[in-house]
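I have placed the structure first, in the form of structure tokens, so that the comments after it can refer back to it.
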Amino acid sequence: MVGSLGKVYLVGAGPGAADLITLRGAEVLKNADVVFHDALVHPDLLALAERGRKIAVGKRCGKFTTAQQFINKRLVDAARRHAVVVRLKGGDPMLFGRAQEEIAALEAAGVPYEVVPGVTAALAAAAEAGISLTQRGHARSVAFVTPRVAEGEAPSTWAQNAAAADTAVIYMGAGEAEAVAATLIAAGAPRKLPVLVVENATLPESRRIALTLEELPQVASYGATGPTLIMLGRVFDAALAATSDPVSLPACKTA
Ligand code: SAH
């Protein structure tokens, strides 16, 4: 085992807007010698790393990918040459962020690390919509799920878990909205269950659309290009009731 000079910080960048990083995360960025960042991280956040070298290693469906093992190796190598190495990840680094693979690689190499949490997309989307995911009388449980499984991984029970929770938030599912809806309905979720689809939460180009679960496949024609969440449960009843023609619902936030 070769000794390491520095420490690796796995930092949550927050959901999009640059000022939603934590003070601790901003401080670490300021002191960074090198920053390995996801493709979607806001440029204003990278600017906080005044003297750090910025290296994009993000994974963005088909557009730009760097194999996870390669990222792990680069983190270990960087810690042998620099004091402060930052791995900046969207939202919270530990939620659907493959942080565990990086932590395992750092531990195996004897590199010290620290995780700085971030605001995950689900909580940012709920905040922006003004809808509590645990609204009293409607929801006492929330499930964060994804239909995405790694190659070779056993089939997951995400849909059963989502259907069983009062509120469910689906990460990385909007690209396959039709399959997501069918799988949820097969798992027992009601066809008329209200769904809120949120694209680019906290960014100026943020969009929301309320529809029913059986209408969810319409989202395919919605032209989403940014990261998108599918949220479902009775807490979205009022959002759905306020929507007459879901597909033409205007952007909710223009500032
Ligand atoms: N660690 C991240 C999630 C990474 S998985 C977090 O805690 O938020 C990537 C998925 O997160 C995207 O496919 C999308 O479903 C969701 N996501 C990330 N940022 C988002 C945003 N600003 N608005 C809506 N969904 C977002």
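On alpha-carbon atoms, Rg over Rh for segment 7-116 using Kirkwood Rh? Please list the in-between numbers first.
Working: Rg = 12.4 Å, Rh = 13.5 Å.
Rg divided by Rh gives 0.92.
ARG191 versus ASP19, label points 7 Å from Cα toward the beta carbon: distance in nm?
For the pair ARG191/ASP19, the computed spacing is 4.6 nm.
Kindly express, to the nearest 10 degrees and within the range 0 to 90, the angle between helix 177-186's C-alpha long axis and the longest C-alpha principal axis of the chain.
60
Using +1 at the Cβ of each Lys and Arg and -1 at the Cβ of each Asp and Glu in segment 121-241, identify which of PRO194, HIS138, VAL169 lies farthest towards the dipole's positive end.
Highest projection toward the positive end goes to HIS138.
Can you tell me, using C-alpha contacts under 8 Å and at least 6 residues apart, the relative contact order of segment 7-116 as a whole percent?
Numbers: 210 pairs, mean separation 45.1, N = 110.
About 41 percent, as a whole number.
What does the convex hull of the Cα atoms of segment 121-241 come to per residue, in Å³, rounded to a whole number?
Details: hull volume 12.2 nm³, N = 121.
Expressed per residue, the convex hull around the Cα atoms of segment 121-241 is 101 Å³.
Given a 1.4 angstrom probe, I'd like the percentage of the accessible area of segment 121-241 that is carbon and sulfur, rounded to a whole number.
On the way: 2930 of 5490 Å².
Its accessible area is 53 percent carbon and sulfur atoms.
Over the chain, calculate the relative contact order: mean separation of alpha carbon pairs under 8 Å at least 6 apart, over the residue count, as a percent.
Here the relative contact order equals 19 percent.
Of the accessible area of segment 7-116, with the probe set at 1.4 angstrom, what percent is carbon plus sulfur? Numbers along the way, then the final one.
Numbers: 2820 of 5210 Å².
That share works out to 54 percent.
If you look for lysine pairs in the chain that are eight or more places apart or on different chains, how many of them have Cα atoms under 20 Å apart?
13
From the convex hull of the Cα coordinates of the chain, what is the mean projected area in square nanometres?
With every direction weighted equally, the projected area is 14.2 nm².
At 1.4 Å probe size, with every protein chain present, just tell me what the per residue accessible area of the chain comes to in Å². Can you show the working numbers first?
Details: 12390 Å² over 255 residues.
Accessible surface, normalised per residue, equals 49 Å².
The values are calculated or read from the model by the stated rules, or taken from the named source; none is laboratory data. Keep in mind that this is a model prediction, so the values were computed, not measured. Counting neighbours? That spans all protein chains shown, and the Cβs are built from the backbone with ideal geometry, glycine included. Heavy atoms of the whole protein, side chains included, go into the accessibility calculation; ligands, DNA and RNA do not. Shrake-Rupley method; radii C 1.70, N 1.55, O 1.52, S 1.80 Å.
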